[in-house]
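The values are calculated or read from the model by the stated rules, or taken from the named source; none is laboratory data. Because the structure is a prediction, the values reported are computed rather than measured. All Cβ positions, glycine included, derive from the backbone under ideal geometry; neighbour counts span all protein chains shown. Side chains are part of the model used for accessible areas, which takes the heavy atoms of the whole protein and leaves out ligands, DNA and RNA. Shrake-Rupley method; radii C 1.70, N 1.55, O 1.52, S 1.80 Å.
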Amino acid sequence: MNIFEKIVYTLQADMETPTTFGLWHITSVILMIGLCVLLVWRFGNASDKTLRRILLIAWLAIFLSEVYKQIIFSFDFDGTAASWSYTWYAFPFQFCSTPLYALPLAVFLKDGRARNAVLTFLSTFSLFAGLAVMIYPNDVFISTIGINIQTMLHHGSQVVIGVLIAVHERRRTSKRQFVHGVAVFAAFTLIAMGLNIAMHYIHLANGIDATFNMFYISPFHDCTLPVLSIFYPLLPYPLFLICYLAGFSLVAALVYGIQYGIIKKAAPKQP
């Protein structure tokens, strides 16, 4: 192994695989809640410039942790030789990966309809996605310490960012605003579908046997998401896709209603 590979190998330190509702999981949730409370208390009424800085810091953290994840998942050492092979199922364009692309937009776009739509997406769809994993991580934990840190950092930050945005932007509430957030979700879903179809035929043409199932909506691979995995084999694909889009949108609408029905009243008023 060269020096870089030795460093990567060191970063693959093992641990006992954490369990759902075990110490690792519960500690991560407590830290997430504490950070939510701290940021809302300290920055709930901050300037837009400050919010942009916080979102940039959050993006840098999850971006660097994603780079680490991609490197670790691509490296293997069998005890005698090191090898590299890209793990296609870990390609960073899953539903939970969307903050990697949405946060830079929220940071650098001028204040207006487009940025507001991205902020709404981050405080509803992205928040829900992160919260679902933080509540029930299921099989996201593995035996690599760094990956377990990365997954809790990534999904926990989705919740923290979403809550902070919801409180900070609480005065910008309307049904139309939520619809704009749905449009961002639809755009990401369309990109995921395009990637699924393109990579399927690229892999087929090159004789690559790999699972590439972004957003778990590929027509070529089964959906393994909880609940939706039950309906996938029972419904025609177009109907399944409609249920997928409608289901996520309804849950995001519920998150939106909770935020601006409860959090809006509880949050301190802006001066």
*Hey, which of the helices (runs of 4 or more DSSP H) in region 160-271, taking only ones fully inside, have at least 3 residues that are in contact with a helix residue (DSSP H, G or I) (Cβ under 7 Å, 6 or more places away or on another chain)?*
175-205, 237-258
*Would you check which residues across region 1-56 are closer than 26 Å to Val133 by Cα, without any contact (Cβ under 8 Å) to a residue 60 or more places away in the chain and of a type in the set (A, V, I, L, M, F, W, C) and list them?*
Phe21, Leu23, Ile26, Ile30, Ile33, Val37, Leu38, Trp41, Leu56
*Across region 62-81, what is the number of residues that are assigned to a helix (DSSP H, G or I) and either under 20 Å from Leu109 (Cα atoms) or among the β-branched types (Val, Ile, Thr) (or both)?*
5
*Quick one: how many residues across region 67-99 are under 20 Å from Phe128 (Cα atoms) and touching a His at 6+ places or on another chain (Cβ under 9 Å)?*
3
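Tally time: how many residues in region 175-185 are out of contact with any Phe, Trp or Tyr (no Cβ under 7 Å at 6 or more places or on another chain) and open to solvent by less than 50 Å² (accessible area, probe 1.4 Å)? Even if it seems obvious, please write down each step before you answer.
Restricting attention to region 175-185, the residues satisfying the condition of being out of contact with any Phe, Trp or Tyr (no Cβ under 7 Å at 6 or more places or on another chain) are 175-177, 179-180, 182-183.
Narrowing the set further to residues that are open to solvent by less than 50 Å² (accessible area, probe 1.4 Å) leaves 177, 180, 182.
Total meeting the criteria: 3.
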*Would you pick out the residues in region 87-114 that are more than 11 Å from the chain's Cα centre (by Cα) and of a type in the set (Gly, Ala, Ser)?*
Ala90, Ala106, Gly112, Ala114
*Just need a number here: residues in region 82-114 that are farther than 22 Å from Gly44 by Cβ, open to solvent by 50 Å² or more (accessible area, probe 1.4 Å) and assigned to a loop (DSSP other than H, G, I, E, B).*
4
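Residues are listed down the side, and each one gets a yes or a no for (1) in contact with a strand residue (DSSP E or B) (Cβ under 7 Å, 6 or more places away or on another chain); (2) open to solvent by 60 Å² or more (accessible area, probe 1.4 Å); (3) of a type in the set (Lys, Arg); (4) without any contact (Cβ under 8 Å) to a residue 12 or more places away in the chain:
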position: Ile191; (1), (2), (3), (4): no, yes, no, no
position: Ile230; (1), (2), (3), (4): no, yes, no, yes
position: Phe240; (1), (2), (3), (4): no, no, no, no
position: Gly247; (1), (2), (3), (4): no, no, no, no
position: Ala252; (1), (2), (3), (4): no, no, no, no
position: Ile258; (1), (2), (3), (4): no, yes, no, yes
position: Gly261; (1), (2), (3), (4): no, no, no, yes
*Does Ala166 qualify as being at pLDDT 95 or above, over 15 Å from the mean Cα position of the chain (by Cα) and either open to solvent by 10 Å² or more (accessible area, probe 1.4 Å) or small (Gly, Ala, Ser) (or both)?*
no
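Could you tell me which residue of region 20-60 is surrounded by the fewest Cβ atoms within 10 Å (Cβ to Cβ), considering only residues that are polar (S, T, N, Q) and within 14 Å of Leu164 (Cα to Cα)? Before the answer, list the steps.
Taking region 20-60 first, the residues polar (S, T, N, Q) are 20, 27-28, 45, 47, 50.
Retained after the next criterion (residues that are within 14 Å of Leu164 (Cα to Cα)): 45, 47, 50.
Values: Asn45: 16, Ser47: 10, Thr50: 13.
Across region 20-60, the extreme among qualifying residues is Ser47.
Here's a check for you: in region 8-19, which residue that is open to solvent by 90 Å² or more (accessible area, probe 1.4 Å) and of a type outside the set (Asp, Glu) is modelled with the lowest pLDDT?
Selected residue: Tyr9.
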*Just checking, how many residues over region 115-154 are of a type in the set (S, T, N, Q), surrounded by fewer than 22 Cβ atoms within 10 Å (Cβ to Cβ) and not in a helix (DSSP H, G or I)?*
3
*Close pairs (6 angstrom Cβ cut-off, 6 or more residues apart or separate chains): under 17 Å from Gly257 (Cβ atoms) and among the polar types (S, T, N, Q) in region 125-140, open to solvent by less than 40 Å² (accessible area, probe 1.4 Å) and outside any helix (DSSP H, G or I) anywhere*: Ser126/Thr98
